[in-house]
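Student: This is the structure, below, for whatever I ask next.
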Amino acid sequence: MTAYFARHAWGNTTLQDLIDALSEAGERDLDAWRTAWLETAGTDRFSLERDGETVTLVAADTPRPQVLAVGAYGGNGEALERRALVRVEVTQTRTPVTGLPPAAEVLLINDDDLTFATTRPDPTTRDALFRTASQLPTAISRGVAAATVWDMLTTGEATAAEAGRCLTAVLAAETSDAVIEPYLTLAANIAELWAPPGERADLTAAVAATCRRLATNPGRRQVSGRRHPRRAARAHTARPRTAPRHHRDPGAPGRRPARVSACGWRG
């Protein structure tokens, strides 16, 4: 950047001038990166394929050039601990991922939140991710898991009950104050907008109980006392509605996936 500012001091520049300067400094051609990331719409989606001990990262379509990490986690008492973290540079649809332990309980794509993409767990660890997301050791890893769960709900790949249980469990374990309110928003929306009538009362009761637990923490009393818990508390004491005005089927069109990281929202 020093060379860039020195070269163009007191003058006008274009985006290509900046790309050229960064390319020279990094000794890499960034024209393809510019086209993919700055001129192409859409979000990449990655999943994992496992064949014995072979793990392959698979893009749903032609991916943008990027670096991401896959974390492997195993149980350590009542928590998960990271057993391996493998970074891969993605340049094509299929990318081998080497160095992951074969007995990992959870494989977390985009661990450490290095890129902007949606992800899907491999089928063998999918249920474990939903069940143990709250046991992941960092706010970032829990945020990546929560974002995956929410996106799967919006595309009909997870039920409201699965997503609601996962997020309320993450809320109970969360150590980062920055994501408490976004998680509460998601949990309340799942209960009120995504759950079928027969599950809504139990999910709103779970949100209300989570808010009451959060309210016992002085540092989180204010955020837990906003509109989400009051709404959940009212729903907890009310009879369940049979024809909710805002109910949406998980597979309904028009729902945009949202991402949550340890720093807050990414829409």
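The values are calculated or read from the model by the stated rules, or taken from the named source; none is laboratory data. Please read all numbers here as calculations on a predicted model, not as lab measurements. As a convention, Cβ positions derive from the backbone with ideal geometry for all residues, glycine included, and neighbour counts pool all protein chains shown. For accessibility, only protein heavy atoms count, side chains too; no ligands or nucleic acids. Shrake-Rupley method; radii C 1.70, N 1.55, O 1.52, S 1.80 Å.
Student: Take the alpha-carbon centre of segment 191-220, take the same for segment 66-99, and report the distance between them in whole Å.
Tutor: Each part's Cα centre sits 32 Å from the other's.
Student: Sticking with this one: Quick one: which residues, 5+ away or cross-chain, put their amide H under 5 Å from the amide H of H8? H built at 1.01 Å from N.
Tutor: Counting only residues 5 or more places away or on other chains, the set is empty.
Student: Can you give the relative contact order of segment 1-85 as a percent, counting alpha carbon pairs under 8 Å and 6+ residues apart?
Tutor: Numbers: 62 pairs, mean separation 13.1, N = 85.
Across segment 1-85, relative contact order equals 15 percent.
Student: May I pose another question? Top to bottom by accessible area (1.4 Å), largest first, where do L38, L30, L153 land? Each step should come with its number before you reach the end.
Tutor: Numbers: L38 90, L30 40, L153 0 Å².
Highest to lowest solvent-accessible surface, that is L38, L30, L153.
Student: Give me the distance in nm between label points sitting 7 Å out from Cα along the Cα-to-Cβ direction at T91 and A215, one decimal.
Tutor: Using points 7 Å along Cα→Cβ, the separation is 5.7 nm.
Student: What is the list of residues in segment 46-79 whose amide nitrogen lies under 20 Å from a point 7 angstrom out from the Cα of S23, following Cα to Cβ?
Tutor: Inside the label zone: 64-67.
Student: Given contacts defined as C-alpha pairs under 8 Å and at least six residues apart, what's the relative contact order of segment 125-177, whole-number percent? Working shown, then result.
Tutor: Values: 40 pairs, mean separation 25.1, N = 53.
This gives 47 percent for segment 125-177.
Student: Something else about it: On average, how much accessible surface per residue is there in segment 1-120, in Å², for a 1.4 Å probe, leaving out ligands, DNA and RNA? Write out the running numbers ahead of the final one.
Tutor: Numbers: 7020 Å² over 120 residues.
With all protein chains present, segment 1-120 gives 58 Å² per residue.
Student: For segment 176-182, what does the Karplus curve 6.51 cos²θ - 1.76 cosθ + 1.60, with θ = phi - 60°, yield as ³J(HN,Hα) per residue in whole Hz, taken in order and with x for Gly and Pro?
Tutor: Along segment 176-182, the couplings run 9, 5, 5, 10, 4, 5, x Hz.
Student: Tell me, in nm to one decimal, what length is gained between L114 and T2 on full extension, where the rule is 0.36 nm per residue of separation less the Cα-Cα distance?
Tutor: 37.8 nm
Student: Accessible surface of S176 in the full protein assembly, 1.4 angstrom probe, to the nearest 10 Å²?
Tutor: Its accessible surface works out to 30 Å², give or take rounding.
Student: Sticking with this one: Which whole-Hz couplings ³J(HN,Hα) result when phi for each residue of segment 38-51 is put into the Karplus expression 6.51 cos²θ - 1.76 cosθ + 1.60, θ = phi - 60°, listed in order with x for Gly and Pro?
Tutor: With coefficients 6.51, -1.76 and 1.60, one gets 10, 10, 10, 7, x, 10, 5, 10, 10, 9, 10, 10, 10, 10 Hz.
Student: Using a 1.4 Å probe, how large is the accessible area of E39, given in Å² and rounded to the nearest 10?
Tutor: Looks like 110 Å² after rounding.
Student: Based on the Cβ-Cβ distance from V58 to T155, what FRET efficiency comes out when R0 is 22 Å, to the nearest 0.05? If you can, show how the numbers build up before the last one.
Tutor: Numbers: r = 17 Å, r/R0 = 0.75.
Calculated transfer efficiency: 0.85.
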